[in-house]
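Please treat every number below as a calculation from the coordinates, not as lab data. Owing to the predicted nature of the structure, the values given are computational and were not obtained by experimental measurement. Here the Cβ positions follow ideal geometry from the backbone for every residue, glycine too, while neighbour counts run over all protein chains shown.
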Amino acid sequence: MAARLAAVGRFRYAAGLPGRRTKPIMTAGIRVYLASPLGFSEAGRHFYTTILVPHVRALGYEVLDPWTLTDARKIQAAQTMAYGPAKREAWRTLNLEMGATNRAAIDAAQAVVAVLDGTDVDSGTAAEIGYAFARGKLIVGYRGDFRLSADNEGSTVNLQVEYFIRASGGTVVERYEDLGPALDSLRSSGRPATRGKSAAPPAPARAGGRRRRVR
């Protein structure tokens, strides 16, 4: 577990180094928040950083990447503390900060792209989908995982998760290459970043086989 946490910390740190972020978060363009558990595994991090993030940026969208929004030095500091009450309290404090930072990023986005892979949708990703729907965001799901993951034959994933995606005006795609057409409505809809009270985008991180459809 410690080794895995250290790897996640290194991923967050490397992603936040100068030169790794090609654009600042504050832009007049269309912002897309990427919700996923991909940063937790080595294979997931590779796909995320070399395929998914560059692909969404190449479509012309500003990527709000939750894996790079929290100051990586704070994560590393908590990871290196000795096990005990002080470390647990440090993580509790940091967890609240990370959650609030991610919430603000969703508020600042016009859309959410959510990775739905796994035997069930990742709990954090599902929470972000629900919050994004409540805030009036377009949500597009990407499930490149061919395993069955649904309540019944009428769903692709958990029925409530899928409801939020489709009721937002979005869809679920099986190939990341299909994200472009699924997000096209953003360019003509004029969808605001927030519904209700506006929220400023968070500051950038600082250095230091095809699926079988179920019908």
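Set Lys and Arg Cβ to +1 and Asp and Glu Cβ to -1, take the dipole of the stretch 2-189 about its Cα centre, and tell me which of GLY44, PHE164, LEU148 lies farthest positive. Going by the charge dipole, the pick is GLY44. Just so you know, the Cα atoms of the stretch 50-185 work out to an Rg and Dmax of 16.7, 50 Å.
Applying the Karplus relation 6.51 cos²θ - 1.76 cosθ + 1.60 with θ = phi - 60° to the stretch 151-157 yields 3J(HN,Hα) values of 6, 6, 5, x, 10, 8, 9 Hz, where x marks Gly and Pro.
Could you give the length gained on full extension between ALA86 and HIS46, defined as 0.36 nm per residue of separation minus the Cα-Cα distance, in nm?
11.1 nm
With the Cα gyration tensor of the stretch 128-181 giving a ≥ b ≥ c as the square roots of its eigenvalues, does the rule (a/c under 1.5 for rounded; else a/b larger than b/c for prolate; else oblate) give rounded, prolate or oblate?
On the way: a/c = 2.23, a/b = 1.17, b/c = 1.91.
Because a/c hits 1.5 or more and a/b fails to exceed b/c, the stretch 128-181 counts as oblate.
Counting only Cβ charges, +1 for Lys and Arg and -1 for Asp and Glu, the dipole size of the stretch 2-189 around its Cα centre is about 840 debye.
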